Amino acid sequence: MLCAKEQLISERLPLLRQLLNPCRLCPRNCGVDRLHDKQGFCRIGGQIRVASWAQHRGEEPPISGSHGSGAIFASGCTLGCFFCQNFPFSQLGNGQLMSADELGAIYSRLARNGIHNLNFVTPTHVLPMLLEAWLCSDERAKALPLVYNCSGYESAEVIDLLDGIVDIWLPDIKYSQNSVAAELSNVSDYVEVNRRTLRKMWDQVGLLQVDPTTGIASRGMIIRHLVLPQGLAGSADSLLWLRQEFGADVFLSVMSQYFPAYKAFEHPIMSRSLEPEEYIAVLDLIEELGFTNVWAQDPTERGGA
Ligand code: SF4
């Protein structure tokens, strides 16, 4: 007998596959025929390219726990961040083409190793392929919470189709100004799309639910924000919006780890790392706004994603 999630994925996979031609899996709406291996902005055709997979221990504590999160890193991306620290696979497409059976076997292997959840990283442009692989995985993998670790630039239709399938939404809030998003990530409508996306995710799952004994999350939302040099991420505006929209108890993960990578050395501001005082100013605002559930990093931490 199919479990509830398996039933939902089986029903919605054909609808998600339809979004591959013309491709409108993400708000870019490139309109190419991905089913016949045409590529749009994300530079991925009809088959998933997997950059790596890992029993990842570097996520937030309720995600990584003691045994790690089963992270699947997909190649390609719907954004074009010129400072991306993962650029060899997000922007340059490094990775290995994989069938659903092969990828499903990886989910199963990770599950046997004791991971706390399956974690799809930058998944949207290859979502049908990731879910097809899920159907090929074993019962142990299928019983795990599903984490959707994304840029927060998502189509409303796709988020609706994932209702009841994704257990933990892990989106970014990257910018609060479209002009900056356009310059740094080659996207013209990030702010309104991102805010609509976060609201929809919140409506589906609400506050993070963590097992008091194990400390592991089973459902809910964690919002990530990477602070950028010279206020380019618009942290203050984003924090004010989050406080107003979701209240003080929403779970936030605020990161200081920016360092220049890929083409960032060519930019007058992004060519340097974040200064500790820039990060501390954001933490001060978080305190002032009364947020209660925040993961912060060491302000002096630099490099390493
Ligand atoms: S998933 Fe890729 S091809 Fe499809 S609309 Fe988005 S960027 Fe374009």
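Below is a table of values for the structure above.
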item	result
Test result for residue 47, more than 30 Å from residue 228 (Cβ to Cβ), in contact (Cβ under 8 Å) with a residue 24 or more places away in the chain and open to solvent by 60 Å² or more (accessible area, probe 1.4 Å)	yes
The lone exception for residue 268 - which of (1) surrounded by 14 or more Cβ atoms within 10 Å (Cβ to Cβ); (2) free of Cβ contacts under 8 Å to residues at least 24 places away in the same chain; (3) in a loop (DSSP other than H, G, I, E, B) it fails	(1)
Residue check for residue 216: closer than 21 Å to residue 151 by Cβ, at pLDDT 95 or above, surrounded by 17 or more Cβ atoms within 10 Å (Cβ to Cβ) and of a type in the set (A, V, I, L, M)	no
Filtered residue count, region 63-88, keeping only those that are under 13 Å from the mean Cα position of the chain (by Cα) and assigned to a strand (DSSP E or B)	4
From the options 196, 243, residue that is under 23 Å from residue 122 (Cβ atoms), open to solvent by 40 Å² or more (accessible area, probe 1.4 Å) and in contact with a helix residue (DSSP H, G or I) (Cβ under 8 Å, 6 or more places away or on another chain)	196
Tabulated pairs, region 122-136, first open to solvent by 10 Å² or more (accessible area, probe 1.4 Å), second among the charged types (D, E, K, R) and part of a helix (DSSP H, G or I), C-beta under 8 angstrom, 6+ apart or interchain	135/6; 136/101
Region 3-27 residues that are among the acidic types (Asp, Glu), paired with ones that are not in a strand (DSSP E or B) (beta carbon under 9 Å, 6 or more apart)	6/134; 6/135; 6/142
Restricting region 5-33 to residues that are open to solvent by less than 60 Å² (accessible area, probe 1.4 Å), more than 15 Å from residue 155 (Cβ to Cβ) and outside any loop (DSSP other than H, G, I, E, B), the residue that is nearest to the ligand (Cβ to nearest atom)	13
Residue check for residue 61: open to solvent by 60 Å² or more (accessible area, probe 1.4 Å) and within 16 Å of the ligand (Cβ to nearest atom)	no
The one condition in (1) in a strand (DSSP E or B); (2) closer than 28 Å to residue 210 by Cβ that residue 50 fails to fulfil	(2)
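The values are calculated or read from the model by the stated rules, or taken from the named source; none is laboratory data. Values in this document were obtained by computation on a predicted structure and should not be read as measured data. Reconstructed Cβ throughout: ideal geometry from the backbone, glycine too, with neighbour counts over all protein chains shown. Quick note on the areas: whole protein, heavy atoms, side chains included, nothing else; ligands and nucleic acids left out. Shrake-Rupley method; radii C 1.70, N 1.55, O 1.52, S 1.80 Å.
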